[in-house]
Amino acid sequence: MGFLQNFGIPPYRTIPAARRALTRRERGYGGGMDSASYIALEERAGAHNYHPLPVVIAEAEGAWVTDVEGRRYLDFLSAYSALNFGHRHPRLTEVAHRQLDRLTLTSRAIHSDQLGPFCAELTDLVGLERALPMNSGAEAVESAIKTARAWGYRHKGVPDGEAVILVAHQNFHGRTTTIISFSDDPVARNDFGPYTPGFQAIAYGDLDELAAALENPHVVAFLVEPIQGEAGIIVPPDGYLRSVAQMCRDANVLFIADEIQSGLGRTGHTLACDAEGVTPDVLLLGKALGGGIVPISAVASRSDVLGVLRPGEHGSTFGGNPLALAIAREVIALLATGEYQQRSAELGAHMLQRLTHEAPGTVREVRGRGLWAGVEVHEQFAPVRPRCEAALDLGVIVKDTHATTMRLAPPLTISREDLDHGIDVVLKVLG
């Protein structure tokens, strides 16, 4: 008997017709293909750079999504925190529609009426001075790397071509050629060399290793996730970020916090760094900044840091486009109320309490903060992918990372009832 059948679940493609909902064609929405056909088409015509769960989503609202057959699923993944405010948040979609009817793109060759207000509102929210909008999270990371190197050469006096940026082992900052050069994930790194030099990896959470690495006068920055996401929601020791900030300041080194996943309410604070009262020298944001509608990322920093960039040295045609900026401004307005941070803190405490106290014997450790958790199973119960597929067939979307950990990131807008339903399913498939 297969893993899914242990829970009384029929295999994905053999759900009896009497139990399924109406197809999109039957409901009058067009499309005309079932899930299996869409997946087969994607397999035939698309690159195989992802291994998604076998579900094809056609509609979504709030914390719920609906597939092409009309089956509903509770989204416990939130597109890796890009959907912090749920699917199609009414305030965000209203702004998007309004901006679509006004102006969508100018390039940076001319000004728009959105860029200045966005930069001012974002820097007010996070306590910094200047902002640089880009598109993807990886672009924000690449922008920070260039900025840190230029700052090192032009302000710190590091000899040309000798700047070193410290990173943490088990990091995840994206998949561009430069970023994978300092990754130790063989899936992201292998067969994509030659690799970009200028990076040194140290143990995450280890202040002694950081102190030793900071003795090198050519170090210009320490790029680190306040909570490591792809590694399995790894929370550093208490006081780590506060010590990192002080040690970097003492060494005249930039503390770059990659909050692309952890930021914008996910951990119960506006930023994960806020839990320790720390403001980084350089802050990287993305994912939820686009409200689950458009890609937008940003680098925020002090004037003396972002001020090193000169016209023509860095840019992007779509970076800072008016459509994305208008949506991001509404995201900032939502966060300025404090409501979503509070929901994340309160519901997250409930989620972590339940996961910790009700975890079955398969579970080795529960980690997390706010509405963000990693549930790691003992090695003999890995991989967790089949358990994620079992949760899918029970109507809840969760995803695995590194074979042993199930990651959970419900929308910050989720109801307590829906949250408990999702937790019930997670605990069941982990058992």
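Every number here is computed from the coordinates shown, using simple stated rules; none is lab data. Please read these numbers as outputs of a predicted model, since none were measured by experiment. Glycine also receives a Cβ, built like all others from the backbone with ideal geometry; neighbour counts cover every protein chain displayed.
General observations
- Extents of the chain, largest first, come to 71, 54, 43 Å (Cα atoms, principal axes, whole angstrom).
- Restricting segment 102-181 to trypsin sites (Lys or Arg not before Pro) that sit in a DSSP loop and have at most 13 other Cβ atoms within 10 Å of their own Cβ leaves ARG102.
- Label-to-label distance for THR177 and LEU103 is 3.6 nm, based on points extended 7 Å past Cα in the beta-carbon direction.
- A protection proxy built from the mean count of other Cβ atoms within 10 Å ranks the segments 198-209, 219-230, most packed first, as 219-230, 198-209.
- Shown here are the Rg and Dmax of the Cα trace of segment 90-339, at 17.7, 55 Å.
- Segment 257-290 and segment 129-178: distance between their alpha carbon centers, rounded to Å: 17
- Between helix 137-151 and the chain: long-axis angle, C-alpha atoms, 0 to 90°, nearest 10: 10
- Rel. contact order, % - alpha carbon contacts under 8 angstrom, at least six apart, the chain: 22
- Modelled this way, with points 7 Å down the Cα-to-C-beta line, the labels at HIS169 and ASP184 are 0.3 nm from one another.
- Listed by chain and number, the lysines whose alpha-carbon sits under 22 Å from that of LYS146, ignoring those within fewer than 8 places in the same chain, are LYS156, LYS287.
- Packing around the peptides 382-388, 210-216, 164-170, taken as the average count of other Cβ atoms within 10 Å per residue, puts them in this order, highest first: 164-170, 382-388, 210-216.
- Cα-based radius of gyration of segment 128-189 once divided by 2.2 N^0.38 Å, which approximates compact folds: 1.24
- With the simple spin-label model, which puts each label point 7 Å out from Cα in the Cβ direction, the LYS146 to ASP160 separation comes to 1.8 nm.
- Calculated FRET efficiency for the pair PHE381/GLN353, C-beta based, R₀ 25 Å, to 0.05: 0.65
- Debye intensity ratio I(q)/I(0), log10, segment 159-306, q values 0.08 Å⁻¹ (C-alpha model): -0.21
- Computed from the C-beta positions of LEU207 and GLU417, the FRET efficiency with R₀ = 45 Å rounds to 0.60.
- Centre separation in Å (Cα based) which lies between segment 373-411 and segment 47-73: 17
- In straight-distance terms, cross-link reach from LYS428 covers every one of the lysines whose alpha-carbon lies under 26 Å from its own, apart from those fewer than eight places away in the same chain; here that gives LYS399.
- Scaled against the 2.2 N^0.38 Å expected of a compact globular protein of N residues, the Cα radius of gyration of segment 245-324 reads 1.22.
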